[in-house]
1. Exactly one of these conditions fails for Asn130: (1) of a type in the set (S, T, N, Q); (2) without any contact (Cβ under 8 Å) to a residue 60 or more places away in the chain; (3) assigned to a loop (DSSP other than H, G, I, E, B). Give me its number.
2. Find the residue count for segment 108-127, including only residues that are touching a residue at least 60 places away in the same chain (Cβ under 8 Å) and either in a helix (DSSP H, G or I) or under 30 Å from Gly233 (Cα atoms) (or both).
3. Mind listing whichever residues of segment 172-195 are under 12 Å from Ser48 (Cα atoms) and of a type in the set (Gly, Ala, Ser)?
4. Could you tell me whether Ala177 is touching a Pro at 6+ places or on another chain (Cβ under 8 Å), in a helix (DSSP H, G or I), more than 16 Å from Ala124 (Cα to Cα) and among the hydrophobic types (A, V, I, L, M, F, W, C)?
5. Being under 11 Å from Ile231 (Cα atoms) and either surrounded by fewer than 23 Cβ atoms within 10 Å (Cβ to Cβ) or free of Cβ contacts under 8 Å to residues at least 60 places away in the same chain (or both) is the filter here; which residues of segment 66-77 pass it?
6. Just checking: which of the helices (runs of 4 or more DSSP H) contained wholly in segment 1-93 hold 3 or more residues that are in contact with a Pro (Cβ under 9 Å, 6 or more places away or on another chain)?
7. State all residues of segment 110-127 that are surrounded by 11 or more Cβ atoms within 10 Å (Cβ to Cβ) and either touching a Cys at 6+ places or on another chain (Cβ under 9 Å) or among the aliphatic types (A, V, I, L, M) (or both); if no residue qualifies, say none.
8. Out of all the residues in segment 81-93, is one or more crowded, with 22+ Cβ neighbours inside 10 Å and of a type in the set (A, V, I, L, M)?
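Rule-based calculations on the coordinates, nothing more; no lab input. Because the structure is predicted, anything quoted here is derived from the model rather than measured. Methodologically, a virtual Cβ is constructed for each residue, glycine included, from the backbone with ideal geometry; neighbour enumeration extends over all protein chains shown.
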Amino acid sequence: MNTSKELAAEFFGTLWLVLGGCGSAIFAAQFLTGDGAWDLGIGLLGVSLAFGLTVVTGAYALGHISGGHFNPAVTLGLVAGGKFPAAKVVQYIVAQVLGALVAGLVIYAIVSGQDGWAGIGEGAGTFATNGYGTDGSPGGYNALSVFIAEAVLTALFLMVILGATAKRAAAGMGGLAIGLMLTLIHLVSIPISNTSVNPARSTSQAIVAAIFGDGVTTPVAQLWMFWVAPIVGAVIGGTLYRSLLDTDDV
């Protein structure tokens with residue numbers, strides 16, 4: 001496969017994931033009618049489905065080109081699982097982060113044009129950022145709770161990815177299983193960390209909030225968590241699957 005096409009697929013796939021997932025959280029999670037009488041927002045369930053749907057659509061549209069990672073933790077987890085060459089890791093991660101950043105800028109450009117928009121404020125989950133503690137977690141969960149949630153959920157995510165795309169798995173169903181797993185992950189963990197399991201997604205929202213927000217520094221200060229925990233979890237998940245469950249070479 002042409003490497004430039006693989007990187008373009010990862011760029012656009014990650015852009016779509018952040019635009020569709022984080023965009024739904026920012027624009028549509030809560031939407032009131034003019035008089036505030038009716039809440040027509042999609043809520044937690046809708047945002048969870050939006051993230052899952054971005055992966056389903058992205059996987060089927062772009063997965064045959066690049067593998068459809070759209071996530072630095074997934075890329076590293078697939079290396080640990082023996083399904084992706086380590087030589088391509090840096091290129092993939094750069095493409096993913098750039099795609100996420102462009103999506104974050106697009107979201108900002110749209111939301112800042114709303115009549116009466118007051119700017120990106122400080123607060124847990126603002127601009128779909130991730131965090132821990134009272135300043136960063138929507139539910140006020142501490143750093144240890146967030147680390148456990150992000151690491152364990154990412155590990156299980158990798159095991160589903162590897163299992164759903166294995167040679168003996170149902171043909172053509174991998175993208176659906178992976179998207180549904182990401183939906184489930186969001187249903188569990190939006191109250192805990194606003195759900196990352198994806199360092200690129202966390203980086204884009206934290207950086208855009210810091211640049212354009214008024215004193216919004218917490219997401220950047222806590223960004224290390226959403227690189228370390230998902231990557232640790234992904235490597236564990238990939239290693240466990242390779243060691244205990246992989247049947248491709250049997």
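1. If we test Asn130 against (1) of a type in the set (S, T, N, Q); (2) without any contact (Cβ under 8 Å) to a residue 60 or more places away in the chain; (3) assigned to a loop (DSSP other than H, G, I, E, B), just (2) comes out false.
2. 8
3. Of everything in segment 172-195, those that are under 12 Å from Ser48 (Cα atoms) and of a type in the set (Gly, Ala, Ser) turn out to be Gly179, Ser189.
4. The answer is no for Ala177.
5. Thr75
6. Filter on segment 1-93 gives 72-80.
7. Ile110, Val111, Ile120, Ala124, Phe127
8. Checking segment 81-93: not a single residue is crowded, with 22+ Cβ neighbours inside 10 Å and of a type in the set (A, V, I, L, M).
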